[in-house]
């Protein structure tokens, strides 16, 4: 079975990018969706890793 591609995008990436990836069935979380706006990069990375991104 192929591995699923997963991405976490921070607030500096346009939501249009996330929407485009989602249309292609790529699993994407975003900083605004997860309530992580203005959170340090280290916390963003820890979140992404915890989600398998």
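FYI, it's all coordinate maths here, none of it is from the lab. Here the structure is a predicted model, which is why all the values come from computation and not from measurement. FYI the Cβ positions are ideal-geometry reconstructions off the backbone, even for glycines, and counts take in every protein chain you see.
Using only Cα atoms and rounding to the nearest 10 degrees, what angle (0 to 90) does helix 41-50 make with the longest principal axis of the chain?
So the helix axis and the longest Cα principal axis differ by about 40 degrees.
List the relative contact order of the range 6-50 as a percent without decimals, with contacts defined as Cα pairs under 8 Å and 6+ residues apart.
Here the relative contact order equals 42 percent.
For the chain, what is the calculated [θ] at 222 nm in deg cm²/dmol (nearest 500), taking -39500 (n - 2.57) for each run of four or more DSSP H residues and dividing by its residue count?
-11500 deg cm²/dmol
Compute the distance in nm between two label points, each set 7 Å from the Cα along the Cα-to-Cβ direction, one at residue 11 and one at residue 50.
It is 1.9 nm.
Shape verdict for the chain, please, from the Cα gyration tensor: rounded (a/c under 1.5), prolate (a/b greater than b/c) or oblate.
The shape class here is oblate.
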